[in-house]
Structures are given as structure tokens and as C-alpha cells.
1. Could you name the lysines whose alpha carbon sits less than 23 Å from that of LYS10, not counting residues in the same chain fewer than 8 places away?
2. SER92: net charge of surrounding residues, Cβ under 14 Å, Lys/Arg +1, Asp/Glu -1, itself excluded?
3. Would you please give the residues with an amide H less than 5 Å from that of ILE29, counting only those at least 5 places away or on a separate chain, with H modeled from the backbone geometry?
4. Residues with amide H under 5 Å of GLU90's amide H, sequence separation 5 or more or different chain, H placed in the peptide plane at 1.01 Å from N; which?
5. Rounded to whole Hz and in sequence order, give me ³J(HN,Hα) for the range 13-22 from the Karplus expression 6.51 cos²θ - 1.76 cosθ + 1.60, θ = phi - 60°, writing x for Gly and Pro.
6. Residue by residue through the range 81-95, what is 3J(HN,Hα) from phi via Karplus (6.51 cos²θ - 1.76 cosθ + 1.60, θ = phi - 60°)? Round to whole Hz and write x for glycine and proline.
7. Heavy-atom accessible area per residue, the range 34-73, 1.4 Å probe: how many Å²?
Amino acid sequence: MGEQAVFFRKAETYRVMIDNDGTGHIRIIKRMNFRMVLALFKELYLEIHKSSGRSPHIIIHVSQSLYDEMSENLKEFLLFCSACLDGTFELSIVE
């Protein structure tokens, strides 16, 4: 998430941004309900698709400690997205 990122949405538990290249970033800061992760992902996916008209590229950034708690759900969700949606989806573990 570079300095030139365009701010999209912010809360205590997450940050959502779209950078100048059109790549979406979801940064999970604190533990949050998986339903909220899905809602953020959907909103970001639709925003990128609507504004750029191309296949979205979304990266979910999560710390190692949160990844240990949420890993199974996030991995399965991203596998599902890769199989069923048009776009590129990544999970980035932040130290």
C-alpha cells in the first residue's frame, strides 16, 4: 500500500484503498468478523470493476498473529474467488 494510494474506506479494524494502478488493498488491523471481510471485499471488487472496467486485482494484508486466527477462512475464500470471479486475489502476511 504505497503513499500514492487513493483512500477509499477506513475504520478502527481495517483500511481499504485503491492505488493509482487500480489495485485494491484491504488491510486488516484488528480481529474482525469474517462477514465484514466479505462485505469489504464485495464493495472493493465492485468499485474497481465499475471504475476501471477491467478485472480487479485485490490484495488482503493481514498480520501474522491475525493470520493464525483467520487463515483457514481467508485461504478458502480467496481460492473460491479465484475459481469463480474474474480477477486476481492475493493474501499478504505483514510482519
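1. Of all the lysines, those that pass the test against LYS10 - Cα under 23 Å, at least 8 places apart if same chain - are LYS30, LYS42, LYS50.
2. On the way: positive: ARG15, ARG27, LYS75; negative: ASP19, GLU90, GLU95.
Summing Lys/Arg as +1 and Asp/Glu as -1 gives 0.
3. TYR14, ARG15
4. Long-range HN contacts for GLU90: ILE58, ILE59, ILE60.
5. After applying 6.51 cos²θ - 1.76 cosθ + 1.60, I find 9, 7, 9, 10, 9, 10, 7, 5, 7, x Hz.
6. My calculation for the range 81-95 gives 4, 4, 7, 10, 10, 7, x, 10, 10, 10, 10, 10, 8, 9, 8 Hz in order.
7. Numbers: 2240 Å² over 40 residues.
Result: 56 Å² of accessible area for each residue.
The values are calculated or read from the model by the stated rules, or taken from the named source; none is laboratory data. Here the structure is a predicted model, which means the values were calculated and not measured. Positions of Cβ are backbone-derived with ideal geometry, glycine not excepted, and every protein chain shown enters the neighbour counts. Quick note on the areas: whole protein, heavy atoms, side chains included, nothing else; ligands and nucleic acids left out. Shrake-Rupley method; radii C 1.70, N 1.55, O 1.52, S 1.80 Å.
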